């Protein structure tokens, strides 16, 4: 099994979806773990994981994307 690296932790579903789409568009597989409470959205987080071997590329894309 591949090892995964936590690339993003957020409570904002829109932000998580945008980052997930950007990474997948650049052929980086993403695993999403939604730990948000279904009743109280201020409890828990949404976590995005990428393969450890692609973490540097993913970080670079995120940094570049956040600058625009």
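For this structure, a couple of remarks:
- Some residue of region 47-54 being touching a strand residue (DSSP E or B) at 6+ places or on another chain (Cβ under 6 Å), loosely packed, with under 13 Cβ neighbours inside 10 Å and either in a helix (DSSP H, G or I) or at pLDDT 90 or above (or both): yes
- So residue 24, is it more than 15 Å from residue 60 (Cα to Cα) and either modelled with pLDDT of 90 or more or assigned to a helix (DSSP H, G or I) (or both): no
- Filtered by the rule that a residue be part of a loop (DSSP other than H, G, I, E, B) and touching a helix residue (DSSP H, G or I) at 6+ places or on another chain (Cβ under 9 Å), region 28-44 gives 28, 29, 30, 36, 41.
- Filter result for residue 62 (outside any loop (DSSP other than H, G, I, E, B), surrounded by 12 or more Cβ atoms within 10 Å (Cβ to Cβ), at pLDDT below 90 and touching a helix residue (DSSP H, G or I) at 6+ places or on another chain (Cβ under 8 Å)): yes
- In region 1-17, the residue that is farthest from residue 59 (Cα to Cα) out of those that are part of a helix (DSSP H, G or I) and without any contact (Cβ under 8 Å) to a residue 12 or more places away in the chain is 14.
The values are calculated or read from the model by the stated rules, or taken from the named source; none is laboratory data. Remember, it's a predicted structure, so these values are computed and weren't measured experimentally. In this analysis, Cβ positions are derived from the backbone assuming ideal geometry, glycine residues included, and neighbour counts consider all displayed protein chains.
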